[in-house]
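Colleague: Mind looking over this structure? Questions follow.
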Amino acid sequence: MDIIELQNLRLQARIGFSPHELEGWQDVVINMRLGSAMRLAGESDDPADALNYKPISKAVIHLIRSRRFALVEKLAEQIACLAIFAFGAPYVEVSVQKPGALRHSDSVGIRIVRQPADYARNIAYISLGSNIAPERNLREALALLRSWTTVLATSPVYRTPPQGDTQQPAFLNMAVKAHTLRSPLDFKRRVIDRIERKLQRQRDPTNVNAPRTIDLDIALWNDEMLEYGSKRWRIPDTEISRYAHVAVPLADLAPDYAHPHTGETLRKIADRLDASGLQKLDIDLDAELDSDFRA
């Protein structure tokens with residue numbers, strides 16, 4: 001197997017769990033070895049036939065700058081997942097070094113080796129919505145998703161009118177594409193329910209359309225059709241074909257994804273729904289969280 005090497009990517013990260021590590025930035029050094037097929041590029045001398053490693057480097061930089069990590073193991077695993085699932089690498093080695101982390105040592109770090117077969121290929125598309133302090137709650141929900149899954153992509157944020165109970169503030173809605181090792185039921189219990197509890201989601205049994213701090217739903221799971229849990233939640237989410245505030249963010253993430261039940265692409269579904277009330281917003285959800293928020 002041919003290998004592309006990215007050596008000594010020197011960055012600053014918010015990493016560690018000791019009190020003196022929580023607020024400051026620390027130096028890290030990233031090295032990557034990516035499997036690649038170079039024969040075609042070697043024959044053609046055409047850049048279009050070569051792996052473009054610049055987007056991979058930029059994705060790693062963005063990941064490190066936008067997150068806090070307790071462990072170097074988590075950072076290394078996130079980098080490996082990005083290389084495999086976002087860029088299609090058939091093989092990746094990642095080393096993360098923390099210079100000066102240990103007395104009498106130049107650096108301390110780890111090295112991991114991953115291939116696609118090391119991961120269960122569960123790709124989940126999650127719909128998120130909030131109309132109570134919505135920008136803050138979407139930002140915190142996304143931070144928690146990044147902590148407990150590997151987030152591969154996020155849609156733009158949309159301001160949308162409320163459904164059902166119209167006497168309440170507008171919602172902010174978005175969608176996230178994530179990789180997870182969990183089953184749908186385990187994802188619901190251990191990720192979605194934990195996030196909703198942490199963000200103090202309150203359910204009104206007399207009004208299912210009541211205001212909420214956060215609402216997360218599994219919209220799509222791989223390309224499967226299934227029911228799960230005692231309430232028989234359905235995948236794909238039935239609201240994809242009914243509401244633009246669900247379909248449009250999903251179509252932004254995966255316009256050519258074929259709906260497992262109807263065969264329509266998400267873009268086609270989104271285009272036939274009434275999206276006149278949606279307003280795309282320019283919001284940076286990777287902006288710094290308040291210092292009292294911890295995943």
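Readers should treat all values here as calculations from the given coordinates under stated rules, not as data from a laboratory. Because the structure is a prediction, the values reported are computed rather than measured. Don't worry about glycine lacking a Cβ; one is built from the backbone with ideal geometry, like all the others, and counts go over all protein chains shown.
Colleague: Amide H to amide H, which residues 5 or more places from Asn122 or on other chains are under 5 Å from it, using H placed in the peptide plane?
Modeller: Thr180
Colleague: While we're on this one: Report the full-extension gain for the segment Thr166 to Leu185: residue separation times 0.36 nm, less the Cα-Cα distance, to one decimal in nm. Please list the in-between numbers first.
Modeller: On the way: separation 19, 0.36 × 19 = 6.84 nm, distance 3.13 nm.
This chain segment gains 3.7 nm when fully extended.
Colleague: Near the amide H of Asp2, under 5 Å away, which other amide H atoms are found, from residues 5 or more places off or on another chain, if H is placed in the peptide plane?
Modeller: Placed amide hydrogens put Ser36, Met38 under 5 Å from Asp2.
Colleague: What distance in nm separates the two pseudo spin-label positions at Leu102 and Arg10, each 7 Å out from Cα along the beta-carbon direction?
Modeller: Computed distance between label sites Leu102 and Arg10 equals 2.2 nm.
Colleague: Moving on to the next point. For the residue pair Ser44 and Phe17, what label-to-label distance in nm results when each label sits 7 Å from Cα along the Cα-to-beta-carbon direction?
Modeller: It is 4.7 nm.
Colleague: By the gyration tensor of its Cα atoms, with a ≥ b ≥ c the square roots of the eigenvalues, what is the shape of region 122-281: rounded for a/c under 1.5, prolate for a/b over b/c, or oblate?
Modeller: Judged from the Cα gyration tensor, region 122-281 comes out rounded (a/c under 1.5).
Colleague: Would you mind telling me the antiparallel percentage of the DSSP bridges in the chain, rounded to 5?
Modeller: 95
Colleague: Could I ask something else about it? Read phi for every residue in region 234-241 and hand back ³J(HN,Hα) as whole Hz from Karplus 6.51 cos²θ - 1.76 cosθ + 1.60, θ = phi - 60°, with x for Gly and Pro.
Modeller: Computed from phi, the couplings for region 234-241 are 10, 10, x, 4, 5, 6, 4, 7 Hz.
Colleague: Please compare each pair in Lys188/Lys280; Lys54/Lys188; Lys58/Lys188; Lys74/Lys177; Lys177/Lys198; Lys54/Lys198 to a cut-off of 25 Å on the Cα-Cα distance and tell me which ones are over it.
Modeller: Check vs 25 Å cut-off fails for Lys188/Lys280; Lys54/Lys188; Lys58/Lys188; Lys54/Lys198.
Colleague: Per DSSP H run of at least 4 residues, take -39500 (n - 2.57); add these up for the chain, divide by its residues and hand me the 222 nm value, nearest 500 deg cm²/dmol.
Modeller: -7000 deg cm²/dmol
Colleague: R0 = 25 Å: FRET efficiency of Val29 with Asp2, Cβ-based, nearest 0.05?
Modeller: My answer for the efficiency is 0.55.
Colleague: Treating the beta-carbon of each Lys and Arg as +1 and of each Asp and Glu as -1, no other charges, what is the dipole magnitude of the chain about its Cα centre, to the nearest 20 debye?
Modeller: 820
Colleague: Around Ser57, what is the net charge, scoring Lys/Arg as +1 and Asp/Glu as -1 over all other residues with Cβ under 15 Å from its Cβ?
Modeller: Summing Lys/Arg as +1 and Asp/Glu as -1 gives +4.
Colleague: Can you give me the distance in nm between label points at Asp282 and Asp118, each placed 7 Å from the Cα along the Cα-to-Cβ direction?
Modeller: 4.0
Colleague: Could you point to the label whose value was computed as semi-axes √(5λ) of the Cα gyration tensor in Å for the structure here, given (1) 35, 25, 17; (2) 26, 22, 21; (3) 32, 21, 17?
Modeller: Comparing each candidate, only (1) matches the computed number.
Colleague: Taking Cα atoms, how many degrees apart are the long axis of helix 53-66 and the longest axis of the chain, rounded to 10 and kept between 0 and 90?
Modeller: Value to nearest ten degrees: 70.
Colleague: List the longest stretch of the chain that has no exposed loop site; here a site is one of the GluC sites (Glu not before Pro) assigned by DSSP to anything other than H, G, I, E or B, with at most 14 other Cβ within 10 Å.
Modeller: It works out to 24-223.
Colleague: If you take the beta carbon distance between Arg242 and Gln202 as r and set R0 to 35 Å, what does 1/(1 + (r/R0)^6) give as a FRET efficiency, to the nearest 0.05?
Modeller: Rounded to the nearest 0.05, the efficiency is 0.90.
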